[in-house]
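Taking it in order: structure first as C-alpha coordinates, then the write-up.
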Amino acid sequence: MELAAIRRRTLPQALKEQGGPPPALKEQGGPAPRDADGMAVAAFVLGLLGLLVMNLVLGPTAIVLSSLSLLYGTKRRGRALLGLALGVADLAVLLALVLADHTVSWGLGG
(Lines give C-alpha, C1' and ligand atoms only; values in the text may rest on other atoms or scores of the structure.)
Protein backbone atom coordinates (compact mmCIF):
# COMPACT_ATOMS: atom_id res chain seq x y z
CA MET A 1 0.00 0.00 0.00
CA GLU A 2 1.05 3.52 -0.60
CA LEU A 3 1.78 5.76 2.34
CA ALA A 4 -1.06 8.12 1.40
CA ALA A 5 -3.52 5.19 1.29
CA ILE A 6 -2.40 4.03 4.71
CA ARG A 7 -2.87 7.50 6.15
CA ARG A 8 -6.39 7.73 4.70
CA ARG A 9 -7.51 4.54 6.43
CA THR A 10 -9.31 5.14 9.67
CA LEU A 11 -9.22 2.93 12.75
CA PRO A 12 -12.73 1.50 12.14
CA GLN A 13 -11.76 0.60 8.57
CA ALA A 14 -8.56 -1.06 9.73
CA LEU A 15 -10.42 -3.04 12.40
CA LYS A 16 -13.05 -4.12 9.88
CA GLU A 17 -10.34 -5.37 7.51
CA GLN A 18 -8.69 -7.34 10.33
CA GLY A 19 -11.93 -8.94 11.47
CA GLY A 20 -12.73 -6.53 14.29
CA PRO A 21 -11.16 -5.69 17.61
CA PRO A 22 -10.06 -8.29 20.15
CA PRO A 23 -12.93 -9.80 22.21
CA ALA A 24 -12.11 -7.77 25.33
CA LEU A 25 -12.36 -4.54 23.35
CA LYS A 26 -15.61 -5.59 21.68
CA GLU A 27 -17.42 -6.01 24.98
CA GLN A 28 -16.12 -3.04 26.95
CA GLY A 29 -14.91 -0.51 24.43
CA GLY A 30 -11.54 -0.50 26.23
CA PRO A 31 -9.22 -2.83 28.10
CA ALA A 32 -10.78 -5.76 29.90
CA PRO A 33 -12.07 -4.92 33.40
CA ARG A 34 -9.57 -7.38 34.84
CA ASP A 35 -6.76 -5.26 33.38
CA ALA A 36 -8.21 -2.10 34.92
CA ASP A 37 -8.54 -3.86 38.29
CA GLY A 38 -4.92 -4.98 38.03
CA MET A 39 -3.83 -1.44 37.30
CA ALA A 40 -5.71 -0.21 40.39
CA VAL A 41 -4.00 -2.78 42.62
CA ALA A 42 -0.60 -2.04 41.07
CA ALA A 43 -1.11 1.69 41.64
CA PHE A 44 -1.93 1.07 45.30
CA VAL A 45 1.08 -1.19 45.86
CA LEU A 46 3.49 1.13 44.02
CA GLY A 47 2.17 4.17 45.86
CA LEU A 48 2.59 2.43 49.20
CA LEU A 49 6.08 1.23 48.32
CA GLY A 50 6.97 4.68 47.01
CA LEU A 51 6.56 6.17 50.46
CA LEU A 52 9.69 4.25 51.50
CA VAL A 53 11.90 4.01 48.41
CA MET A 54 12.22 5.48 44.92
CA ASN A 55 9.33 7.91 45.31
CA LEU A 56 10.56 9.95 42.35
CA VAL A 57 9.76 7.01 40.06
CA LEU A 58 7.02 5.13 41.91
CA GLY A 59 4.89 8.19 42.76
CA PRO A 60 4.23 9.28 39.15
CA THR A 61 3.83 5.64 38.10
CA ALA A 62 1.15 5.14 40.74
CA ILE A 63 -0.61 8.33 39.60
CA VAL A 64 -0.63 7.23 35.96
CA LEU A 65 -1.80 3.68 36.70
CA SER A 66 -4.58 4.81 39.01
CA SER A 67 -5.76 7.44 36.52
CA LEU A 68 -5.86 4.86 33.74
CA SER A 69 -7.72 2.34 35.87
CA LEU A 70 -10.32 4.98 36.80
CA LEU A 71 -10.60 5.99 33.15
CA TYR A 72 -11.22 2.36 32.09
CA GLY A 73 -13.85 1.84 34.79
CA THR A 74 -12.29 -0.42 37.37
CA LYS A 75 -14.42 -2.26 39.90
CA ARG A 76 -11.79 -1.42 42.51
CA ARG A 77 -12.43 2.32 42.51
CA GLY A 78 -11.41 2.77 46.15
CA ARG A 79 -8.09 1.03 45.59
CA ALA A 80 -7.44 3.21 42.53
CA LEU A 81 -8.22 6.38 44.51
CA LEU A 82 -5.90 5.23 47.28
CA GLY A 83 -3.19 4.62 44.67
CA LEU A 84 -3.73 8.13 43.35
CA ALA A 85 -3.54 9.63 46.83
CA LEU A 86 -0.43 7.61 47.71
CA GLY A 87 1.24 8.65 44.46
CA VAL A 88 0.63 12.30 45.29
CA ALA A 89 1.84 11.65 48.85
CA ASP A 90 5.04 10.12 47.43
CA LEU A 91 5.78 13.32 45.59
CA ALA A 92 4.87 15.42 48.64
CA VAL A 93 7.27 13.40 50.82
CA LEU A 94 9.98 13.81 48.20
CA LEU A 95 9.37 17.57 48.04
CA ALA A 96 9.49 17.89 51.83
CA LEU A 97 12.74 15.92 52.03
CA VAL A 98 14.29 17.90 49.19
CA LEU A 99 13.38 21.19 50.86
CA ALA A 100 14.72 20.01 54.21
CA ASP A 101 17.89 18.42 52.84
CA HIS A 102 18.50 20.42 49.63
CA THR A 103 19.20 17.22 47.73
CA VAL A 104 17.18 14.73 45.69
CA SER A 105 18.82 11.65 47.21
CA TRP A 106 17.87 10.64 50.72
CA GLY A 107 17.96 7.58 52.88
CA LEU A 108 16.41 6.24 56.05
CA GLY A 109 19.76 5.93 57.84
CA GLY A 110 21.50 9.03 59.23
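The values are calculated or read from the model by the stated rules, or taken from the named source; none is laboratory data. For clarity, every value in this text was computed on a predicted model and none was experimentally measured. Positions of Cβ are generated from backbone atoms using ideal geometry, with glycine treated the same way; all protein chains shown enter the neighbour counts. Protein only, heavy atoms only, side chains kept; ligands, DNA and RNA dropped before computing areas. Shrake-Rupley method; radii C 1.70, N 1.55, O 1.52, S 1.80 Å.
Note on region 8-110: enclosed helices (runs of 4 or more DSSP H) holding 1 or more residues that are at pLDDT 60 or above and surrounded by 16 or more Cβ atoms within 10 Å (Cβ to Cβ) are 33-50, 55-71, 77-101.
The C-beta contact set for region 68-94 (first residue over 18 Å from residue 54 (Cβ atoms), second residue in a loop (DSSP other than H, G, I, E, B) and not basic (Lys, Arg), distance under 6 angstrom, 6+ apart or interchain) comprises 72/30; 72/31; 80/74.
Within region 35-59, no residue that is under 9 Å from residue 87 (Cβ atoms) and among the charged types (D, E, K, R) sits with its Cβ atom under 8 Å from a residue that is open to solvent by 50 Å² or more (accessible area, probe 1.4 Å) and modelled with pLDDT of 90 or more at 6+ positions apart or across chains.
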